[in-house]
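Trainee: One structure, pasted below without further comment.
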Amino acid sequence: MRISAPPIKHPCHYGIDMSSREEMIAHGRSTEEIAAELGCDSLHYLSLEGVYEAVGADRAVHCDACFTGEYPLAGSDGASGKYSLEQRRELQAPGNRGDPVPAL
């Protein structure tokens, strides 16, 4: 079996409804273990580098947290909330009294 993406090991906290880490087949398992679970003779994923080569871009303009576990808002209080990007956008919206945008 060939998969045209890296293995998804981490949930998206930024608006995509996904399973928890524990429910993801790739979280905490090797490729060989996943192949056995799926009943595949072989299993290969596209590398993250291959994804960026295919789209002609780099990590600076794309979120790849579901593959890497490195979230763009990491280190802030609201980084792991499912609606954290939306909440930040609302705080930055025109008409919010010009108050400084707090770190999430």
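Trainee: Cβ contacts < 7 Å: first residue over 11 Å from ALA5 (Cβ atoms), restricted to the stretch 43-58; second residue of a type in the set (A, V, I, L, M, F, W, C), any location; separation 6+ or different chain. Result?
Mentor: LEU43/MET1; LEU43/ILE34; LEU43/ALA35
Trainee: Inside the stretch 6-58, can you point out the residues that are within 16 Å of the chain's Cα centre (by Cα), loosely packed, with under 14 Cβ neighbours inside 10 Å and in a loop (DSSP other than H, G, I, E, B)?
Mentor: Selection gives GLY15, ILE16, ASP17, SER19, SER20, GLY28, SER47, ASP58.
Values quoted throughout were computed directly from the atomic coordinates according to the rules given, and no laboratory measurement underlies them. Just so we're clear, the structure is a prediction, and the values are computed from it rather than from any experiment. Every residue, glycine as well, gets a Cβ built from its backbone with ideal geometry; the counts of neighbours run over all protein chains shown.
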